[in-house]
1. Could you work out, for the range 143-197, what percent of all Cα-Cα pairs fall into each 5 Å distance bin, beginning at 0 Å and stopping at the bin that holds the largest distance?
2. Helix 510-519 against the longest principal axis of the chain: what's the angle in degrees, Cα atoms only, rounded to the nearest 10?
3. Determine the dipole magnitude for the range 464-640: charges of +1 sit on the beta-carbon of Lys and Arg, -1 on that of Asp and Glu, nothing else is charged, the reference point is the Cα centre, and the result goes in debye to the nearest 20.
4. With unit charges on the beta carbons (Lys and Arg positive, Asp and Glu negative) and the dipole taken about the Cα centre of the chain, which residue among PRO275, ALA248, VAL292 sits farthest to the positive side?
5. Need one number: convex hull volume per residue for the chain, Cα atoms only, in Å³.
6. So if R0 is 41 Å, what FRET efficiency would ARG351 and ASP507 give, r being the distance between their Cβ atoms, rounded to the nearest 0.05?
7. On the first, second and third principal axes, largest extent first, how far apart are the outermost C-alpha atoms of the range 464-640 in Å?
8. Kirkwood Rh over alpha-carbon pairs of the range 5-264, then Stokes-Einstein at 25 °C and 0.890 mPa s: what D in µm² s⁻¹, rounded to an integer?
Amino acid sequence: MGKNLVEKIISQHLISGVMTPGEEIGIRIDQTLTQDATGTMAYLQFEAMNVPKVKTELSVSYIDHNTIQIGFENADDHLYLQSVAQKYGIVFSRAGNGICHQVHLERFGKPGKTLIGSDSHTPTCGALSMLAIGAGGLDVAMAMAGSPFYFICPKVIKINLTGKLKPWVSSKDVILKVLEMFTTKGNVNTVFEYGGRGVASLTVPERATITNMGAECGVTTSIFPSDKMTRLFLRSQQRERDFTQLEADKNAKYDKVINIDLSKIEPLTAKPHSPDNISTVRKMKKIAVNQVCMGSCTNSSYKDLVTVAKILKGKTAHPDVSFILAPGSRQVLEELANKGYLSELIASGARIMENACGFCIGNSQSPPSAAVSLRTSNRNFLGRSGTMDADVYLVSPETAAAAVITGCFTDPRDLKIRYPKVVMPKKFSIDDSMIIWPDKKKSADVYRGPNIGVLPRCPELSDTIHGQVTIKVGDKITTDHIIPAGARMKYRSNIPKYSEFVFENVDPTFAKRSMSLRRDGKQSIIVAGFSYGQGSSREHAALCPMYLGVRAVIAKSFERIHAANLINFGILPLTFCPENDYDKIDKEDELEIFETKRTIAGDGKFLMRNKTKGTAFYVTCELSARQKQVILAGGALNISNK
């Protein structure tokens, strides 16, 4: 039996375990990336490991998230990141150079290589046939220190593309169709591998939109073959030497094969407040639009923005629409300027933002109260935009441009203009002057501003957990629910301060109550429904609760990255068995389990006692042998320093 793409790359990088779906494996990591919202903590953890230099082929530190500098915190943290990069042999991409995924695709990604990044949208580079996986910052730090990256060997689903996209339908509509089919839950430990004749019609930037937003399905990653389109893209980046042809064997085996005819897809949107709440644009019936935001790591490529520029040429944004545009990289911005498209976008009323994440993470351009905002980004979780009562819809650049013109939801096919043809440049302008390579001849002292706090540690697992249910939440709780993004992220390096905002938008009293319990020597327990921990790889969603004294989360199911982060920081991820026992617990119930160490080392099945109600129920904690050691030690950092 032949191998699929995923099996080929894993087999070439396998260090431990066997390639059996469901079993834990460890692979060698070639490249890592971090961004500033998660990187500060990742590098604090790396420093704690006392390793003199990174051991990967390439590690890149990007500044793209917290570029708004109100107060000293973000600027100080950027100096910390730059000095750490010089000291430990890390490439540094300065603020203004662009969004990590877009820049990594342009300048560093290589077919067949492994990449982990402390950002959940790291799978973007699957468009270049990389095995690119989002992870918590501690996992990235350990990979930089030379350790394998451990994860569950995934099932591989082939998404077989046939046909060709019709005018006014784009790759964003393809991934929205995939989300409609697979939803945002139930896809843990799975990889989407794209193939079929339809792949040949998609450029690398179009593929990147699909692999980027595959993260919303909860899959480990998504991947395309490396083919003629890949070579053309790398040639345009003057990196053809990095090209390697890579494709699945003709007799490769898959766990499932799904067929999608590209020619049958129509313009789609994800309605509030989840990326899988899919509808056709035509069904939206001319809903008035207050804001349109174009950009993010999903749709800010040259092809995306030139398409928009051509649609809007000679037109002006509707009077009721605030039109925001953020190119994905400095390269994209320069190409737009050099070819005259930037002036056309400005003439159309676009407000040109920095080459950064910006509006996507809610740290700028929040919409008005009760507004409708159309965005080409990847997430529309409640409150993520910075406005709790806003309705955020996810759309393609074409649909976004149509709303800019009309002031309402409009199927772009109804614009009655010719669909613009965009020819990709044979050679992009290459200017890497905003990328700083470490100078081996220079020493570096690490700069630590007052925003850099002490790295907290979790104590070793106690033999008894006796805690109060400090919060009970429902299904599909995201990391944004747990620890808010946006303006709060400037405290990312100061865990005691950032912890004050845990569950801020769900229960503003959570942090104070949990800290009060901790001061009294008591523990906290979180109870949740299905798919707990969706969204960002931000390990603060585990680290901050740990600091507040949370020792266990009991849920119906967990998302991959967040479950790994909980384990890394010594919090037990417990699963209801059966699921309906969730209904038997209330907030403030006192729960306890005994002989935790022996049970973890054994079958992981706990009898949880509800002292408040005088009842008991079973929970399970399914861990690999390695994860058991991590939990017993109180977290991965405790092990790495032994």
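1. For the range 143-197, the binned pair fractions read 5, 13, 19, 21, 14, 11, 9, 6, 2, 1 percent.
2. Rounded to the nearest ten degrees, it is 30.
3. 500
4. ALA248
5. Per-residue hull volume (Cα only) is 143 Å³.
6. Rounded to the nearest 0.05, the efficiency is 0.70.
7. Principal extents (largest minus smallest coordinate, Cα): 41, 37, 31 Å.
8. It diffuses with D of about 131 µm²/s by this estimate.
Laboratory data are not the source of any read-out in this text; all were calculated from the coordinates shown. All figures in this text were calculated on a predicted structure; none of them were measured in a lab. So basically every Cβ, Gly included, is an ideal-geometry build from the backbone, and we count neighbours across all protein chains shown.
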